[in-house]
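What follows is one structure encoded as structure tokens, with my remarks underneath.
What follows is calculated from the coordinates using simple rules that are stated; it is not laboratory data. Owing to the predicted nature of the structure, the values given are computational and were not obtained by experimental measurement. Cβ: placed from backbone, ideal geometry, glycine included. Neighbour counts: every protein chain shown.
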Amino acid sequence: MSDELPVVTVTYSPGSHLERFLSSLSLATEVPVTVVLADNGSTDGAPESAVERYPNTRLLRTGANLGYGSAVNRGVAALGNSSCSEFLVIANPDVVWGPGSIDHLLDAMRRWPNAGAVGPLIRDPDGSVYPSARHLPSIIRGGMHAVIGPVWKNNPWTAAYRQERQEPSERAVGWLSGSCLLLRRAAFDEIGGFDERYFMYMEDVDLGDRLGRAGWLNVYVPEAEILHDKGHSTGRDPARNLAAHHRSTYTYLSDRHSGWRQAPLRWAMRAALAVRSHLVVRVARQKSR
């Protein structure tokens, strides 16, 4: 096996976030790493500067803004036969690694031989814990969270889906945030990586579900901690991102309710999400003026 652990991150003008990502990475593990920057069209020069400063980093230009999952797949494919590592890290470039975080994830992989993915405890910039380990979204729980969540923050469907009232503990869950994952390479390859129909949002939910269907576990490891400044990517064009979120939600739910008998359910989901999308996008655009 390779002595180096591959790390794939997707860049899109990441600015100073990328420097913090790479500088803190040395504190996250005692294992040598090699980093692939799958770049979706950065114009700020940050990826080029990073490659000059960090010799274990290489730049892969995807040729367009492919979205997150597609770019990760390109980055993993670029590893080719040069990496025989059993494991693979994928993470957003706006992550700051906690000391020993990757080593804690590697230890968990050895404790859970059936784990296809493990993920850390994620803190927001204000120090609060982000609910990154969740149930899979059922038609009721996930649908009600998507439609009602923005207007009724404390609704019971969102609380159940996000597992936010549960104390952090190492456990198997439905899915883990794609902002930071340690994957077993065999599991990732077995399911064909990310579904590239998802431009952004829900690709990690879909990945967790398909890992589970293939017999692998998704395991939450709160002993490992990172900080994630998720506003970096979501704050650029909130209206566009909200619309993408609704499209991805419909793709995920309709895939899992695809029979002809469930056509009325899909129509109802599409209509409800379209109304919600119209309302929240309009509000987002008004706020950005």
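Details
- Glu4-Thr43 FRET efficiency (beta carbon distance; Förster radius 22 Å; 0.05 resolution): 0.15
- Using the average count of surrounding beta-carbon atoms within 10 Å as a protection proxy, the listed peptides 68-75, 84-91 rank, highest first, as 68-75, 84-91.
- Dipole magnitude of the stretch 1-93 about its Cα centre (Cβ charges: Lys, Arg +1; Asp, Glu -1), debye to nearest 20: 220 debye
- The string of couplings for the stretch 171-187 from the Karplus curve (6.51, -1.76, 1.60, θ = phi - 60°) is 6, 7, 9, x, 7, 10, 4, x, 5, 7, 9, 9, 10, 7, 4, 4, 5 Hz, one whole number per residue in order, with x for Gly and Pro.
- Residue order, fewest to most surrounding Cβ atoms within 10 angstrom, among His104, His135: His135, His104
- Calculated FRET efficiency for the pair Glu52/Ser254, C-beta based, R₀ 41 Å, to 0.05: 0.35
- In order through the stretch 215-227: 3J(HN,Hα) via Karplus (6.51 cos²θ - 1.76 cosθ + 1.60), integer Hz, x for Gly, Pro: x, 9, 9, 10, 10, 8, 10, x, 4, 8, 10, 9, 10
- FRET efficiency for Ala77 and Glu167, using Cβ-Cβ distance with R0 set to 41 Å, rounded to 0.05: 0.60
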